[in-house]
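Enquirer: Below you'll find the structure I mean.
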Amino acid sequence: MAASFRKSKPVENINPTPGSKNGCRSNRFMEDGVLLTWDNLSVTVAGGRPILQGMTGYARPGEPLAIMGPSGCGKSTLLDTITGRQGPNTSQAGHILINGRKQALAYGTSAYVTQDDALITTLTIREAVYYSAQLQLPDTMANSEKNERAKTTIREMGLQDAMDTRIGGWGAKGLSGGQKMRVSICIKILTRPKLLFLDKPTSGLDSAASYYVMSRIASLNQKDNIGRIIIASIHQPGAKAKLCISVSASNEFFALDGFPCPSLQNPSDHFLKTINKDFDKDIEQGFANGIPTLEVIDILVKSYC
Ligand SMILES: Nc1ncnc2c1ncn2[C@@H]1O[C@H](COP(=O)(O)OP(=O)(O)OP(=O)(O)O)[C@@H](O)[C@H]1O
Ligand SMILES: [Mg+2]
C-alpha cells in the first residue's frame, strides 16, 4: 500500500456543480487551478492479483504531494493509474476526477516523468532540451522565447554546467543517472503543465541534490504563478528531501497508533521502516516494538479508515 502524507477527504467536498452544497468551495479551487481526486481506486493484474485496493485521495494546486512506501508497494502503479497509463493486462475500478468531473486533459496540461523515461542518448543536454522546446512550445511563441525557456529550465534543474555533455547510454557513458532524471524533468516542465507527476524524481541523487531538485520542483509554482498539482513518488526520503514536504500529520498519525518516531530519527525513514514487510525478520527484531509488520500495517490501516 502506498503511503502518502495527506489523509484522504470525502469526494463530495470537491463537487464543482454550480449551486451544489459545496459549490462555493469547489469553484474557488477551479479558479486557483486544477483539483485532482481519486476515489476507491483498485487495480488488478491478470490472474486476479490485486495491486491497489480502495485508494482514495486528492491533490491540491500549490501543495506538492509525496507518495511514499517500500519498493513494490504500488507507487508507480498508482501514478500510472491516475495518469491513465495502465497496461492492457490490468483492470482498474474507481474514479479519477478533475475538478470533480471525469474529463480529458488538453495537450500540455499534464506531464508524467516516469522512472525509466527514454532519452536520445546521442544528444547533449542543450540539444535535447532546446529541440524539445522547439517541438513542444506553441508556434505563437517566438524562437528566442522558446530558447530562453529552455535555458531557464536547464538552470532550474541545476544542469547548466553539463549543458554540452552527451546524455549517453550503453557503451557510451555520458550523464549520471540523477542527471538523466533531471533532463527528463526539464523536458516535461517546458510547457509549464498544470499537473506534474514524477516517479522517483530523486532516484540516483545524493541527499543534497535530492533537496535541490525537490525544492526546485516545489518552487515551480511560485516562479511561474501557476496553481500546479505536483505528485511525486519518493523512494528514499532522506533528511534533506523531506524538508520540502510536510510530515507533521503523518508523524502524529504514527505516534497516535503507537509507533512514534524516535528522537533524532528522520520521520520519513521511520515511516518506511515501520511498514516495510519485505524484510520482516530484521524488522521484527528492531522496529515497532517487535510487532510483526503485517500486524502493524493492519493497525495503521484500521486506524486510518
Ligand atoms: N502489470 C503487472 N503485472 C504483474 N504485476 C505487476 C504489474 N504491475 C505491477 N505489478 C506488481 O505490483 C507491485 C507494485 O509495483 P510498482 O511498480 O507499482 O511498485 P513501486 O512501489 O513503484 O516499487 P519501486 O519503489 O520499486 O519502484 C509489484 O509487486 C509489481 O511486481
Ligand atoms: Mg516504481
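The values are calculated or read from the model by the stated rules, or taken from the named source; none is laboratory data. Source: prediction; values computed, not measured. No Cβ is skipped: glycine too gets one built from the backbone with ideal geometry, and neighbour counts run over all protein chains shown.
Enquirer: Please list, ordered by first then second residue, the pairs with beta carbon atoms under 6 Å, 6 or more apart or interchain, first in the stretch 68-93 and without any contact (Cβ under 8 Å) to a residue 40 or more places away in the chain, second in a loop (DSSP other than H, G, I, E, B) and more than 13 Å from ligand 2 (Cβ to nearest atom).
Expert: Pairs found: 80/86.
Enquirer: Could you pull out the residue among 179, 136 that is under 24 Å from residue 64 (Cβ atoms) and modelled with pLDDT under 90?
Expert: Exactly one residue qualifies, and that residue is 179.
Enquirer: Restricted to the stretch 190-209, and to residues that are within 15 Å of ligand 1 (Cβ to nearest atom) and not in a loop (DSSP other than H, G, I, E, B), which residue is surrounded by the most Cβ atoms within 10 Å (Cβ to Cβ)?
Expert: The residue in question is 198.
Enquirer: OK, next. Quick one: how many residues across the stretch 77-90 are under 13 Å from the mean Cα position of the chain (by Cα) and in a strand (DSSP E or B)?
Expert: 0
Enquirer: Residue by residue through the stretch 58-76, note down the ones that are over 11 Å from the mean Cα position of the chain (by Cα), away from ligand 1 (no atom under 15 Å from the Cβ) and at pLDDT 85 or above.
Expert: 58, 60, 61
Enquirer: Moving to a separate point now. Can you list residue pairs whose Cβ atoms sit under 6 Å apart, with the first residue in the stretch 43-65 being in a loop (DSSP other than H, G, I, E, B) and the second being of a type in the set (Asp, Glu) and surrounded by fewer than 20 Cβ atoms within 10 Å (Cβ to Cβ)? Count only pairs 6 or more apart in sequence or on different chains.
Expert: Taking only residues 6 or more apart or on different chains, the pairs are 61/32.
Enquirer: Being in a helix (DSSP H, G or I), within 16 Å of ligand 2 (Cβ to nearest atom) and buried (at least 23 other Cβ atoms within 10 Å of the Cβ) narrows it down to one of 214, 181, so name that one.
Expert: Values: 214 fails: within 16 Å of ligand 2 (Cβ to nearest atom).
From the options 214, 181, the qualifying one is 181.
Enquirer: So, residue 93, is that one modelled with pLDDT of 85 or more, in contact with a helix residue (DSSP H, G or I) (Cβ under 6 Å, 6 or more places away or on another chain) and either more than 10 Å from ligand 1 (Cβ to nearest atom) or part of a loop (DSSP other than H, G, I, E, B) (or both) or not? Break it down stepwise before answering.
Expert: Values: modelled with pLDDT of 85 or more: yes; in contact with a helix residue (DSSP H, G or I) (Cβ under 6 Å, 6 or more places away or on another chain): no; either more than 10 Å from ligand 1 (Cβ to nearest atom) or part of a loop (DSSP other than H, G, I, E, B) (or both): yes.
Considered against the rule, which asks whether it is modelled with pLDDT of 85 or more, in contact with a helix residue (DSSP H, G or I) (Cβ under 6 Å, 6 or more places away or on another chain) and either more than 10 Å from ligand 1 (Cβ to nearest atom) or part of a loop (DSSP other than H, G, I, E, B) (or both), residue 93 comes out as no.
For (1) of a type in the set (Lys, Arg); (2) part of a helix (DSSP H, G or I); (3) within 16 Å of ligand 2 (Cβ to nearest atom), each residue gets a yes or a no:
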{"residue": "121", "(1), (2), (3)": "no, no, no"}
{"residue": "131", "(1), (2), (3)": "no, yes, no"}
{"residue": "135", "(1), (2), (3)": "no, yes, no"}
{"residue": "139", "(1), (2), (3)": "no, no, no"}
{"residue": "146", "(1), (2), (3)": "yes, yes, no"}
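Enquirer: Could you look through the stretch 96-130, keep only residues that are at pLDDT below 90 and either among the hydroxyl-bearing types (Ser, Thr, Tyr) or at positive phi (or both), and pick out the one that is nearest to ligand 1 (Cβ to nearest atom)?
Expert: 114
Enquirer: Considering only the stretch 127-158, state which residues are surrounded by fewer than 18 Cβ atoms within 10 Å (Cβ to Cβ) and among the charged types (D, E, K, R).
Expert: 127, 139, 145, 148, 151, 155
Enquirer: It is to be established whether one or more residues within the stretch 237-260 are within 16 Å of ligand 1 (Cβ to nearest atom), of a type outside the set (A, V, I, L, M), in contact with a Lys or Arg (Cβ under 8 Å, 6 or more places away or on another chain) and modelled with pLDDT of 75 or more.
Expert: We begin by selecting, within the stretch 237-260, every residue within 16 Å of ligand 1 (Cβ to nearest atom); these are 237-238, 241.
Filter once more, keeping what is of a type outside the set (A, V, I, L, M): 237-238.
Still in the list and also in contact with a Lys or Arg (Cβ under 8 Å, 6 or more places away or on another chain): none.
There is no residue in the stretch 237-260 that is within 16 Å of ligand 1 (Cβ to nearest atom), of a type outside the set (A, V, I, L, M), in contact with a Lys or Arg (Cβ under 8 Å, 6 or more places away or on another chain) and modelled with pLDDT of 75 or more.
Enquirer: Separate question: For the stretch 277-291: of the residues being part of a loop (DSSP other than H, G, I, E, B) and closer than 18 Å to residue 72 by Cβ, which is modelled with the highest pLDDT? Write out each step before concluding.
Expert: Within the stretch 277-291, the first condition is being part of a loop (DSSP other than H, G, I, E, B), and the residues that meet it are 277-279, 287, 291.
If we keep only those that are closer than 18 Å to residue 72 by Cβ too, we end up with 277-279.
Working: 277: 70, 278: 67, 279: 64.
Here the residue is 277.
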